[in-house]
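Shown next, in C-alpha cells, is the structure this report addresses.
The values are calculated or read from the model by the stated rules, or taken from the named source; none is laboratory data. Note that this is a predicted model, so its numbers are computed, not measured. Quick reminder, even Gly has a Cβ in these numbers, built from the backbone with ideal geometry, and neighbours come from all protein chains shown.
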Number of protein chains: 2
Amino acid sequence: MTYQAVLAVLADPTRRQVFERLRDGPQPVKLIAAGLPVSRPAVSQHLKVLKDVGLVEERSEGTRRFYSVRREGLAELRDWLDSFWDDALLAFKIEAERSHRRAKGRKRDE
Amino acid sequence: MTYQAVLAVLADPTRRQVFERLRDGPQPVKLIAAGLPVSRPAVSQHLKVLKDVGLVEERSEGTRRFYSVRREGLAELRDWLDSFWDDALLAFKIEAERSHRRAKGRKRDE
DNA sequence: GCTTACCGTAAGTTATGACTTACCAAGCTG
DNA sequence: CAGCTTGGTAAGTCATAACTTACGGTAAGC
C-alpha cells in the first residue's frame, strides 16, 4: 500500500495502539479490545482499516479471529523515510554529501 | 518530537505536499503555495504545524520566510519503523530470526 | 511617507471520521 | 437444539481539524 495511506491509517492514536498491541503476537479481537479505552466494535473497525491497508492480517480459528502484524505493510513508508536521507536534493544545508546508499543488512520485504 | 506527533502531522495530504515540496530546497511561502490547491494562509497554517513538530525550520530574509526540511524531525519515526524489523517479539511468524541490529552507515541525526 | 508585496493570525464554516448502541451471523458447548 | 461466545456491520452522533475570508504587521520600492 502507498506510504500515504499507511500514514493516514497510523495517524489515529487508538488505531496505532491496536497495531502496537499486535507486537506481542497474534491476538483475537476480544483480547485486543480489553485494555483499550474504546468498545469492541471500534476495535473491529480499526482492524478493518489496518487490514485494508495491509498492515495486519487475519486468521480464523473457530469463532475467534486472530490478527497479526504484516511487517511488509510498513515497507513503503520506511523506504519513503529513508529517501530523505539519500536525497541529493537535500544537500542544500548539508556541507558534504555523504554518499551512502540504503542501509545493508535489512532484507527487503517487498 | 514523538513519532506519534509526526505521524499525525504527515497524515494530512496537502500538508505532506507542502513538506515534500521543500525537498527542492528552501522556499518562501508564496512559492510553496503556488501550485497547491489551497490558499496561502492554509499553507502558512500547515507550515506552522510542521514547524511545531520539528519537521521544518524557518529563516527570514527581508519580508520573505524561507522554509526548509529538518531531516532530524523524521528520525524518531524512522527508528520506530525500524524497530519493527529487529523486534524479537515478531518472531512468531518468522521462522528464523535474523539478529541484525539497526543498520549501519546511516549517521544518526539525534 | 505611501504603496505594494509577503506573510502570520483570527474567526467562522464545514466535512470527515472516530466513536457509540443495536443488530445479526457463525461457531463451540451443554 | 438452545444458549453462550465471538466478532463484523449498520446507523446515527459528535468533535476535530482543514479550509475560507478578513485583517494587521513588517519590510522593500518608488
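General remarks:
- Just so you know, in region A:20-48 the residues that are more than 10 Å from chain B (Cβ to nearest Cβ) and more than 10 Å from DNA strand D (Cβ to nearest atom) include one that is modelled with the lowest pLDDT, and it is A:Gly35.
- For region B:8-19, a tally of residues being part of a helix (DSSP H, G or I), over 10 Å from the mean Cα position of the chain (by Cα) and at the interface with chain A (Cβ under 9 Å from one of its Cβ atoms) returns 3.
- Per the listing A:Ala42, A:Ala75, the residue uniquely part of a helix (DSSP H, G or I), more than 10 Å from DNA strand C (Cβ to nearest atom) and over 19 Å from B:Thr2 (Cβ atoms) is A:Ala75.
- Members of region B:49-65 that are away from DNA strand D (no atom under 13 Å from the Cβ) and more than 14 Å from chain A (Cβ to nearest Cβ): B:Lys51
- Subset tally (residues that are free of Cβ contacts under 8 Å to residues at least 40 places away in the same chain and within 13 Å of B:Val6 (Cα to Cα)) for region B:53-67: 1
- Only a single criterion out of (1) in contact with a helix residue (DSSP H, G or I) (Cβ under 8 Å, 6 or more places away or on another chain); (2) under 25 Å from A:Asp79 (Cβ atoms) is not satisfied by B:Leu47, namely (2).
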